[in-house]
Amino acid sequence: GSIKSYAAVDLGASSGRVMVGRVGPDSLELAEAHRSPNRPVRVPEGLRWDILGLYAGVLEGLRAAGRVDSVGIDSWAVDYGLLDADGALLGNPVHYRDARTEGVAEKVWAGVPAEELYAATGLQYAPFNTLYQLKADQLTRANRLLLIPDLLTYWLTGEQGTELTNASTTQLIDPRTRSWSTDIAQRVGVDLELFAPLRQPGDPAGFLRPEVLEETGLAGPVPVTAVGSHDTASAVAAVPAADGERFAYICTGTWSLAGLELDAPVLTEESRAANFTNELGLDGTVRYLRNIMGLWLLQECLRAWGAPDLGALLLQASKAPALRSVVDAGDAAFLAPGRMPERIAEACRNSGQPVPQSPAEITRCILDSLALAHRRAVEDAQRLADRPVDVVHIVGGGTRNALLCQLTADACGLPVVAGPTEAAALGNVLVQARPHGLVRDLADGRRLLTRTQPLTRYEPRGQTARWREAEARLAGA
Ligand code: LFR
C-alpha cells in the first residue's frame with residue numbers, strides 16, 4: 001500500500017538502536033527493533049570504539065526489523081575508520097574523548113591561525129574535530145577515511161561515500177560552498193584524496209550486499225539511503241517547529257547542542273569567540289549551535305554511583321535547593337570520562353560556591369548548570385545571528401527529564417516544547433521517505449511530526465532574575 005517502512009540505525013555515544021519508521025501520507029510511527037549498549041573500550045593505547053560490536057548490533061537490528069523499503073544510518077560526528085588500499089579497516093576507530101589530541105590544535109594554529117580556520121570552515125574549536133584527530137594519527141598506511149556512519153554503510157553495501165552533514169564536522173568543509181575547503185586542507189596538510197566523494201542526504205548509497213541479506217534473513221534488493229548521517233543533523237530535522245515559527249532548539253542526550261537553524265553561516269570573529277559552530281543541515285540549512293557537555297555529566301556520575309534508580313534521584317533533585325551551586329557545563333574540563341562527582345565538587349569549591357554533597361545535590365547542580373548553559377547558548381545565538389526566537393524546542397533523550405525541561409524554560413524565560421525523544425531516528429526516517437514522495441522537504445516533515453508526535457509544553461515560571469544572578473556568579477568565577 002502507500003505505507004512504507006524504513007530502518008533507521010541511530011548510534012549514540014552510549015547506545016545504538018535500530019528503529020523502524022512506518023510512514024504514510026498522514027502517518028508516522030516509530031518502533032524500536034533493537035537496542036544495544038555502546039561501550040567504549042579503554043585499552044593501553046587509549047579509548048576506542050567497539051566498531052565490530054556496533055556493526056553486529058546493526059545486523060541484529062536489521063534482522064529484527066524485517067522487511068523494509070530502505071535503510072539509513074546516523075551516528076555521533078567527527079570520528080572515523082581508516083582503510084588500507086584493499087579497503088580493510090586499520091585498527092579500531094578512536095573515541096573522540098581519547099587524549100591523543102591534547103595540544104594538537106595549538107600546533108595546527110601555528111600554521112593556520114584559529115581566526116582563519118574559523119572564517120573558512122565556521123567550525124567551533126573542539127579538540128576532537130576530525131582535522132585535529134587526523135593530525136594526531138599515523139596515516140602512512142591509510143588509503144581512505146570513512147566517517148562512522150559511512151564506514152557502516154560501506155560494510156553494508158560495499159560502496160563508499162562521505163555524507164555532507166557529518167563531513168561538515170571535520171573542519172575541512174566550507175559552509176558557504178558546502179564543499180571541501182581545498183585551501184584549508186592544503187595548508188594544514190590533509191590530503192583530501194583520503195575522503196570518498198561527497199553524498200547529499202537523500203542520495204542512494206547502494207544496496208545490502210548478498211552476505212548481509214543472508215545474515216539478516218532479508219530478501220533483496222534493500223536500498224541504503226544517505227540520511228543526515230550526523231545524528232544532530234537528523235535530530236534538528238525532526239524539531240517539530242510550526243510553519244514560520246521563530247525557534248531555537250536543544251538536542252539533548254550525551255551532549256546538549258543548542259542553537260538556531262539558519263540559511264547562511266555566521267563567520268564573524270565574535271561568533272568564533274563565543275565558540276558557535278556552523279554545521280550543515282538538510283536542504284541548504286546551517287546548524288548554528290554550541291556544544292554543551294549535556295547529560296554526559298549525569299551519566300558519568302551515575303556510573304560512579306553504581307547506577308542508582310534515576311527516577312528516585314530526579315525526584316530528590318527536584319526538591320533540593322535551586323541554583324545553590326552551578327558549574328560551567330561548556331567547560332572542556334568535563335570532556336574526559338571518570339571521577340565526575342569529584343570534578344563537579346572541585347569546580348564548585350574553586351569558584352567559592354557551596355560544595356554539593358549527596359547524589360541528589362550533585363544532580364541538582366548538574367541540571368541547574370545545564371539549564372543555565374542552555375540559557376546562555378540560546379541568548380548568544382539570537383544575538384550573534386540577529387534572530388530573536390519565541391520558543392525553545394527540546395528534542396532527544398533529555399525530553400524524558402521533566403526537571404531539565406522545566407528548568408530550561410525557567411532559565412530561558414521562554415516556553416519549551418519537549419519532544420520527540422527519538423528525534424535523530426525520526427529525522428533519519430523522514431529523509432528516507434523523500435524518494436518515495438511521502439515527505440517533500442524539511443517543512444513538510446515537520447508538519448507530519450507536529451500532527452503525529454506527542455509533545456509536552458513547559459511554561460517559564462518567571463524567575464529570570466535568579467538565573468541572571470547565577471549567570472553572573474559563574475562569569476565572575
Ligand atoms: C552528538 C554529537 C555532537 C558532536 C558529538 C561528537 O551525538 O554528534 O553533535 O559534537 O556528538 O561527535
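Laboratory data are not the source of any read-out in this text; all were calculated from the coordinates shown. Here the structure is a predicted model, which means the values were calculated and not measured. We place every Cβ from the backbone using ideal geometry, glycine too, and count neighbours over all the protein chains shown.
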>> Can you report the principal axis dimensions of segment 1-127 using only the alpha carbons, biggest first, rounded to whole angstrom?
In response: 60, 37, 30
>> With θ taken as phi - 60° and the coefficients 6.51, -1.76 and 1.60, list the Karplus ³J(HN,Hα) couplings across segment 288-305 in order, rounded to whole Hz; mark glycine and proline as x.
In response: 8, 8, 10, 7, 10, 3, x, 5, 3, 4, 6, 4, 5, 5, 4, 4, 5, 8
> Just in segment 43-94: which trypsin sites (Lys or Arg not before Pro) are loop by DSSP and have at most 16 other Cβ atoms within 10 Å?
Replying inline: Arg67
> Rounded to a whole number of µm²/s, how large is the Stokes-Einstein D of segment 408-477 at 20 °C and 1.002 mPa s, given Rh as the Kirkwood radius over C-alpha pairs?
Replying inline: 146
> Using modelled amide H (1.01 Å from N, peptide plane; none on Pro or chain starts), what sits under 5 Å from the amide H of Leu280, excluding residues fewer than 5 places away?
Replying inline: Ser168, Arg287
> Under a 5 Å amide H to amide H cut-off, with H placed in plane at 1.01 Å, what residues pair with Phe247 once short-range neighbours are removed?
Replying inline: Asp390
> Based on the Cα gyration tensor of segment 158-293, what are the three equivalent ellipsoid semi-axes, each the root of five times an eigenvalue, rounded to whole Å and given largest first?
Replying inline: 29, 21, 13
> When Ser256, Ser75 are ordered from fewest to most other Cβ atoms inside 10 Å of their Cβ, what list results?
Replying inline: Ser75, Ser256
>> Return the Rg/Rh ratio of segment 235-391 with Cα-based radii and a Kirkwood Rh.
In response: 1.01
> If you build the Cα gyration tensor of the chain and take the root of 5 times each eigenvalue, what three semi-axes come out, in whole angstrom, biggest first?
Replying inline: 33, 27, 22
> Sorting Thr464, Thr153, Thr140, Thr130 on the 10 Å Cβ count, fewest up front, what's the list?
Replying inline: Thr140, Thr464, Thr130, Thr153
> For Pro204, what charge total do you get from the other residues with a beta carbon under 13 Å from its beta carbon, if Lys and Arg give +1 and Asp and Glu give -1?
Replying inline: -2
> So what is the relative contact order of segment 218-314, in percent, for Cα pairs below 8 Å that sit 6 or more residues apart?
Replying inline: 25
> After finding the eigenvalues of the alpha carbon gyration tensor for segment 317-460, what semi-axes result from the square roots of 5 times each, listed largest first in whole Å?
Replying inline: 34, 16, 15
>> I need the per residue convex hull volume for segment 1-42, using only the alpha carbons, in cubic angstrom as a whole number.
In response: 55
> So what is the relative contact order of the chain, in percent, for Cα pairs below 8 Å that sit 6 or more residues apart?
Replying inline: 16
>> Below 8 Å between Cα atoms, with a sequence gap of 6+, how large is the relative contact order for segment 118-266 in percent?
In response: 22
> Over what distance in Å are the Cα centres of segment 222-288 and segment 299-377 separated?
Replying inline: 27
> For Val236, what charge total do you get from the other residues with a beta carbon under 13 Å from its beta carbon, if Lys and Arg give +1 and Asp and Glu give -1?
Replying inline: -3
> Quick one: Cα convex hull volume of segment 134-233, Å³ per residue?
Replying inline: 113
>> Considering all projection directions equally, how large on average is the shadow of the alpha-carbon convex hull of segment 309-366, in square nanometres?
In response: 4.1
>> Once the cut-off is 18 Å, how many percent of the Cα-Cα pairs in segment 71-156 end up in the long-distance tail?
In response: 49
> Of the peptides 237-246, 305-314, how do they stack up when ordered by the mean number of other Cβ atoms within 10 Å, highest first?
Replying inline: 237-246, 305-314
> In the neighborhood of Asn92, defined by Cβ-to-Cβ distances under 12 Å, what is the net charge if each Lys or Arg adds +1 and each Asp or Glu adds -1?
Replying inline: -2
